[in-house]
Amino acid sequence: MAHWASGEQDPNKPASELNHHLVGYALIAIGMLVIAGQSAKRLRTLQYVWPFLFIAAGLFLAAWSDKEMWPRGNLSWTWLIHHDAEARQHKIYAVLLIVMGVIEYLRVNAKLNRFWQTWTFPILALAGAALLMSHDHTAGSGASSPDARKYVVYWLADRTTKAPLSESPSDLPPHDHRMMPTSAAHEAHQAQLELAGHEGTDGHNGNGQPHRMTAAMAKVERQHLWFALVGVFVVLFKVILDSTIWRRSFVRFLWPSCVAALGMLLALYTE
């Protein structure tokens, strides 16, 4: 209880922010490369380069998000399928980025018919925006629960301990986006919030357990709403361009500008 109420900095915060920032830098680079390739004929070859940045961003997100999951941690991906909604969504975002990169590479190489060329990228981007609207930041990952033991990749785990994390309350990691499953941990977190002077509103998480929506959580959700809004504009302008329903010269710059704007928002993300 004293450990949780001490108000020490969340050790997961820097890594989480770094994940958002690096993906943001990749999106800024994509937007700039698309704009450059559309601006001059001698730079048209850039259209074969930027799709790989989508793939690289997706691979990074798949590998580096969620420290309890392999390869950063020792829990297998089967854990997130059933138990960790936030980590599961991170992996879905990674898959969407990779598939969008592959689709755009096929498009610039004229490997897609008109329908797939026009609608595949927007559908995937819209799915990502919709997921952002329901991105779960309050459900517990449960990585320290006894159930997590059977999902440990034991050949990566410390041979001196068979659990991914200690079950001792004093060894539990500080609160990140997720609320702890036990009432004692919840009360300790409430004490931490009071000491830190955070304000919030009461509610329930995805498991029906009570939690307090702190100012920090509201800030995170507000930023994700902005990500989703800009993502919708990416979809709209990409459909307009690929369907050729509006043929003005500036139209081809709209969707990459929105991609770059989304990257800037991610690069400025804080928790």
Query raised in the report: What spacing in nm lies between the two simple spin-label points modelled at GLU17 and TRP116, each 7 Å away from Cα in the Cβ direction?
Result: 4.2
Requested in this report: Excluding ARG107 itself, calculate the net charge of residues whose Cβ lies under 12 Å from the Cβ of ARG107, where each Lys or Arg counts +1 and each Asp or Glu counts -1.
Outcome: +1
Query raised in the report: Spin-label point model (7 Å from Cα, Cβ direction): what's the VAL49 to VAL232 distance in nm?
Result: 3.4
Query raised in the report: So for the pair ILE123, VAL95, with labels modelled 7 Å out along Cα→Cβ, what separation do we get in nm?
Result: 1.5
Query raised in the report: Under a 1.4 angstrom probe, counting protein chains only, how are TYR25, TYR48 ranked by accessible area, largest first?
Result: TYR25, TYR48
Query raised in the report: Too long at a 28 Å Cα-Cα cut-off: which of LYS67/LYS238; LYS91/LYS219; LYS41/LYS111; LYS41/LYS91?
Result: LYS67/LYS238; LYS41/LYS91
Report task. Let me see the pair-distance distribution of the range 23-130: every alpha carbon pair, 5 Å bin width, integer percents in order. Result -> 2, 12, 18, 20, 18, 12, 8, 6, 2, 1, 0
Report summary line: Measure of exposure for THR120: accessible area at 1.4 Å probe, Å² rounded to 10, is 20
Query - At R0 = 45 Å, FRET efficiency that the Cβ-Cβ distance of HIS82 and LYS41 yields, to 0.05 - result: 0.30
Report summary line: Taking 0.36 nm per residue of separation between PHE250 and LEU59 and subtracting their Cα-Cα distance, the length gained on full extension comes to 65.6 nm
Report summary line: For the range 60-74, in residue order, the Karplus 3J(HN,Hα) values (coefficients 6.51, -1.76, 1.60; θ = phi - 60°; whole Hz; Gly and Pro = x) are 4, 5, 5, 7, 9, 6, 6, 5, 7, 8, 4, x, 6, x, 10
Report summary line: Sorted by accessible surface (1.4 Å probe, heavy atoms of the protein chains only), largest first, HIS224, HIS20, HIS82 come out as HIS82, HIS20, HIS224
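The values are calculated or read from the model by the stated rules, or taken from the named source; none is laboratory data. Keep in mind the model is a prediction, meaning the values are calculated, not measured. No Cβ is skipped: glycine too gets one built from the backbone with ideal geometry, and neighbour counts run over all protein chains shown. We work out accessible area using only protein heavy atoms, side chains counted, and drop any ligands, DNA or RNA first. Shrake-Rupley method; radii C 1.70, N 1.55, O 1.52, S 1.80 Å.
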